[in-house]
Amino acid sequence: MPTALLSLFAIADYLIATIVLALPIARLPAPARGIGLALATLAVLVHGTLMFGLHRGGLDLHFFASLSLAAFGIAALTLIVNLVRPVAALGVLVFPVAALLLGLDVFYAPATVAQPMEWQIKLHVSFALLAYSLLSIAALLAILLALQERALRRHRIDSGLIRALPPLTMTESLLFRLIGVGFV
């Protein structure tokens, strides 16, 4: 299957998953949360396959490839976090950005060849990307936590955001765990 077609498929999956996950926030009838997460999982798998295939199995670190790789890591970790805590609303922020950055890498970036690197550099980049992804998710979760706390202080309990997020203490606990793991 051509790269462009696979990319469009992944981008469409990311965007459809975003819409499905945003429906409860907008107070519209929504299908099960699992459908949105399944679509996002499929998009992440295709995104990862494309990242591996586009750069011929190497670690290419040009600007758009690095952004796309970071978006892939953030989207994948968002799905993993959703297995532990129900924070699907986080996908509403993460998945469209991942779709945009994948599109930029595939359709806008110049063709490059991955440069050979020592395994130590690859390991360092991988750990840095993992830490960046974890701390990015923590930053997005902090924004959602602030919005959730603000809605509760203003007695807007019927807000779609309040219904889409887990309880405040659970969100806060997850935030501090992500920050702790990201710094280690």
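Against the condition part of a loop (DSSP other than H, G, I, E, B) and either at negative phi or touching a strand residue (DSSP E or B) at 6+ places or on another chain (Cβ under 6 Å) (or both), how does residue 61 come out, does it pass?
It is true that residue 61 is part of a loop (DSSP other than H, G, I, E, B) and either at negative phi or touching a strand residue (DSSP E or B) at 6+ places or on another chain (Cβ under 6 Å) (or both).
Filtering segment 1-36 down to residues that are hydrophobic (A, V, I, L, M, F, W, C) and outside any helix (DSSP H, G or I), which residue is modelled with the highest pLDDT?
23
Test residue 83 against the stated conditions and say whether it is surrounded by fewer than 18 Cβ atoms within 10 Å (Cβ to Cβ) and closer than 30 Å to residue 118 by Cα. Break it down into steps so the answer makes sense when it comes.
Values: surrounded by fewer than 18 Cβ atoms within 10 Å (Cβ to Cβ): yes; closer than 30 Å to residue 118 by Cα: no.
No: the conditions fail for residue 83.
Can you name the residue in segment 144-154 that is in contact with a helix residue (DSSP H, G or I) (Cβ under 8 Å, 6 or more places away or on another chain) and exposed (fewer than 15 other Cβ atoms within 10 Å of the Cβ) and, of all such residues, is farthest from residue 70 (Cα to Cα)?
152
Looking at segment 106-123, is at least one residue closer than 25 Å to residue 37 by Cα and either modelled with pLDDT of 80 or more or aromatic (Phe, Trp, Tyr) (or both)?
There is at least one residue in segment 106-123 that is closer than 25 Å to residue 37 by Cα and either modelled with pLDDT of 80 or more or aromatic (Phe, Trp, Tyr) (or both).
Does segment 112-136 hold any residues that are over 20 Å from residue 74 (Cβ atoms) and in contact with a helix residue (DSSP H, G or I) (Cβ under 9 Å, 6 or more places away or on another chain), and which are they?
Initial filter on segment 112-136 (over 20 Å from residue 74 (Cβ atoms)): 112-121.
Hits for segment 112-136 are 112, 114, 117.
How many residues does segment 56-90 contain that are of a type in the set (Gly, Ala, Ser) and at pLDDT below 85?
Total meeting the criteria: 6.
Within segment 169-183, count every residue that is free of Cβ contacts under 8 Å to residues at least 24 places away in the same chain, within 21 Å of residue 152 (Cβ to Cβ) and surrounded by 14 or more Cβ atoms within 10 Å (Cβ to Cβ).
Looking only at that region, the number is 0.
Scan segment 77-104 for residues that are more than 18 Å from residue 16 (Cβ to Cβ) and touching a residue at least 24 places away in the same chain (Cβ under 8 Å) and report the count.
Residues in segment 77-104 being more than 18 Å from residue 16 (Cβ to Cβ) and touching a residue at least 24 places away in the same chain (Cβ under 8 Å): 7 in total.
Out of all the residues in segment 6-42, which are farther than 11 Å from residue 92 by Cβ, among the small types (Gly, Ala, Ser) and under 18 Å from the mean Cα position of the chain (by Cα)?
Selection gives 7, 10, 12, 34, 38.
Going through 50, 93 one at a time, which residue ends up being within 27 Å of residue 169 (Cα to Cα) and surrounded by 15 or more Cβ atoms within 10 Å (Cβ to Cβ)? Don't jump to the end; show me each part of the working.
Numbers: 50 fails: within 27 Å of residue 169 (Cα to Cα).
That would be 93, the only listed residue that is within 27 Å of residue 169 (Cα to Cα) and surrounded by 15 or more Cβ atoms within 10 Å (Cβ to Cβ).
Would you check which residues across segment 160-184 are modelled with pLDDT under 75, closer than 13 Å to residue 86 by Cβ and more than 19 Å from the chain's Cα centre (by Cα) and list them?
Correct list: 163 only.
The values are calculated or read from the model by the stated rules, or taken from the named source; none is laboratory data. Model, not experiment: these values are computed from the prediction. Every residue, glycine as well, gets a Cβ built from its backbone with ideal geometry; the counts of neighbours run over all protein chains shown.
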